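Worksheet: one structure, shown below.
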Amino acid sequence: MPADFAARWPQVGWEGATLEWGTHSRVIARWLAECGRERLIAARVAFLESQRALRDRERRKTYGMAR
């Protein structure tokens with residue numbers, strides 16, 4: 001397992017992990033299990049929600065919409 005897997009997983013997710021580390025999804029599933037699958041999945045969800053909020057905020061600024 002890469003040393004930075006747990007730190008990078010929230011940003012890259014499944015597809016990014018297969019591309020970044022060049023490994024099969026079964027190996028990634030094993031790494032998730034070893035690092036705490038529920039915790040990492042929750043971190044991924046939180047990261048995606050924060051990215052969505054940033055995009056929404058920028059779009060509102062662009063179009064002059066109220067918060």
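Couple of notes before you dig in:
- Among 22, 63, 10 the positive-end extreme of the charge dipole of segment 4-65 (Cβ point charges): 63
- Crossing angle, helix 5-21 versus the chain [Cα axis fit, 0-90 degrees, rounded to tens]: 80 degrees
- Charge dipole (debye, nearest 20) of segment 4-65; +1 at Cβ of Lys and Arg, -1 at Cβ of Asp and Glu: 260 debye
- Degrees separating the helix 25-35 axis from the principal Cα axis of the chain, which is the longest one: 90 degrees
- Contour minus Cα-Cα distance for residue 37 and residue 23 (0.36 nm per residue): 3.3 nm
- Percent carbon-and-sulfur accessible area, the chain, ignoring ligands, DNA and RNA, probe 1.4 Å: 53 percent
- Using every pair of distinct Cα positions in the chain, the Kirkwood expression returns a hydrodynamic radius of 13.3 angstrom.
- Per DSSP, loop GluC sites (Glu not before Pro) in the chain with at most 12 further Cβ within 10 Å: none
- Solvent exposure of residue 9, expressed as accessible area, is near 0 Å², computed with a probe of 1.4 Å over the protein chains only.
- Rounded accessible area per residue of the chain, 1.4 Å, Å²: 75 Å²
- Degrees separating the helix 37-63 axis from the principal Cα axis of the chain, which is the longest one: 20 degrees
The values are calculated or read from the model by the stated rules, or taken from the named source; none is laboratory data. Small disclaimer: the values here were computed from a predicted structure and weren't measured. For neighbour counting, all protein chains shown are included, and Cβ atoms are generated from backbone atoms with ideal geometry for every residue, glycine included. Each accessible area value is taken on the protein alone, full model and side chains, heavy atoms only, with ligands, DNA and RNA left out. Shrake-Rupley method; radii C 1.70, N 1.55, O 1.52, S 1.80 Å.
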